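FYI, it's all coordinate maths here, none of it is from the lab. Here the structure is a predicted model, which is why all the values come from computation and not from measurement. Every residue, glycine among them, receives a Cβ derived from its backbone with ideal geometry; neighbour counts consider all protein chains shown.
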C-alpha cells in the first residue's frame with residue numbers, strides 16, 4: 001500500500017472509499033481527493049488558479065471529517081469550484097473541539113474541460129471510521145449519491 005492515497009471500495013448503492021496517510025492531516029487530504037475524484041475523475045485537468053483557505057471546527061474527529069468534506073460539496077454547489085490541490089495544514093484539539101485548517105487550489109468547474117463524475121448528494125456517517133495507528137491513519141467513509 002502506498003504511503004498516502006485512496007481507493008474506491010465495493011458498495012451496493014453509494015460510493016465507499018478508504019483513504020490513508022502517514023498522519024491524520026494526510027489521510028484527511030486523501031479523503032478530500034477521493035471526493036473530488038468522485039465529482040470529476042481527472043484531477044490533473046484542474047488548473048490551480050484559485051486559492052481558498054478553509055477552517056472547520058467540530059466536537060470530534062469524525063464530525064471534523066464530515067464537516068470538512070461537506071464544505072467541499074457546499075463550495076462545489078455554491079461557487080462551482082473543484083480542487084486539484086488540497087493541503088490540510090493543521091488539525092488540533094482546542095479545549096473540547098477539533099479545528100482544521102486547509103488550503104485548496106483549483107478553478108471553476110467547466111463542462112468543456114472537466115469530466116462529469118458522480119453527483120455526491122451528501123457525506124454520510126454510515127461506515128465512517130478513523131483508525132490511527134503508529135505512523136498510519138486509515139479513513140473509511142461513504143458518499144451518498
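Quick notes on this one:
- Neighbour-count ranking [beta-carbon atoms within 10 angstrom, fewest first] of 98, 74, 143: 74, 98, 143
- Separation of alpha-carbon centers, the range 97-116 and the range 1-60, rounded to whole Å: 10 Å
- Spin-label model, residue 115/residue 47: points 7 Å from Cα along the beta carbon direction are separated by 2.1 nm.
- Ranked for footprinting exposure by Cβ neighbours inside 10 Å, fewest first, 66, 6 give 66, 6.
- Shape call, the range 43-145: gyration tensor on alpha carbons, a/c limit 1.5: prolate
- Sorted by Cβ neighbour density within 10 Å, fewest at the top, the residues 55, 137, 37, 103: 55, 103, 37, 137
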